[in-house]
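First the structure, in the form of structure tokens, and then the observations on it.
None of the figures in this text is laboratory data; all of them are computed from the coordinates on show. Fair warning: this is a prediction, and the values are worked out from it, not measured in the lab. Neighbour counts run over all protein chains shown; Cβ positions are idealised from the backbone, glycine included.
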Amino acid sequence: MKHLFQILTVFLIVLSVISCRTRTQLVYLEDMAPGVEYPAKPARDLVIQPDDKLVIKVSCKNPELALAFNMPTPGAYSITPEGNINSSSSPNADSHYTVCSDGSIDFPILGKLTASGLTCRQLSESIKNELRTRNLITDPFVSTEIINFTYSVLGEAKKVGTVEVRGKERVTILDAIAQAGDLTQYSKLDRIAVIREENGNRQIYHCNIRTKDIFDSPVYYLKQNDIIYVEPNQQRAQEESRRNMQWVFTGASLITTIISLVALITK
């Protein structure tokens, strides 16, 4: 009985050591040194793609001239008794153009315009040039915004899901990680995958946020509908094993307690 008790005690000690958790340190950009300047590459603007949704607003010094080139809110403007257009109207922010599969949009009066492959700034300049060239508006101001800029975060992040971006075109993978509440201790920092659709094809990129090389990655700046998948490290698999061992540990503890009580009673 005494030998059995000693064996079980040693067994419990071994289980305790195995079940101890080694916490992984999340260290980003660990190869960057303080006081050292690193060249920063110019940020990349989003490029318009088929099926993108665009909000395009045209304005000028004479608001009445711009009304025909905007998607109006129903009833947002009216005609006065004198026959003048009430220029207090404004384009509906929810009205948008959907880029066709051939990369074009159907714009009022100007007709079919190429949008795919251009940035928002380039498309705005193209529309401005068309308005000037056709003598429709001499002093146009055009703004373009992509309103379907979303990305998804999956895997070992504290908060997973799809994020909608409005008001900005430059979102980095580090921004996305911050928005997701940071990564977890089970995250594999040197193998974060980004799945991207380009030209009708899907491609997967892997990046390492432990090093400054992340700034040179083609997926450092996110694009529409990017999917970020954070792979689990080996510790995640071990965690499942530890959970199973906890049941063994609990059972062994119970058996040891019973044996100890029997040993005391039979003395």
Net charge dipole size for the range 83-203 [Lys, Arg +1 and Asp, Glu -1 on Cβ; Debye, nearest 20]:
140 debye
Using per-residue counts of other Cβ atoms within 10 Å, averaged over each peptide, order 60-66, 118-124 from highest down.
118-124, 60-66
Provide the convex hull volume over Cα atoms per residue for the range 146-206, in Å³.
94 Å³
Just to confirm my numbers, what's the Cα centroid distance between the range 135-203 and the range 30-59 in Å?
11 Å
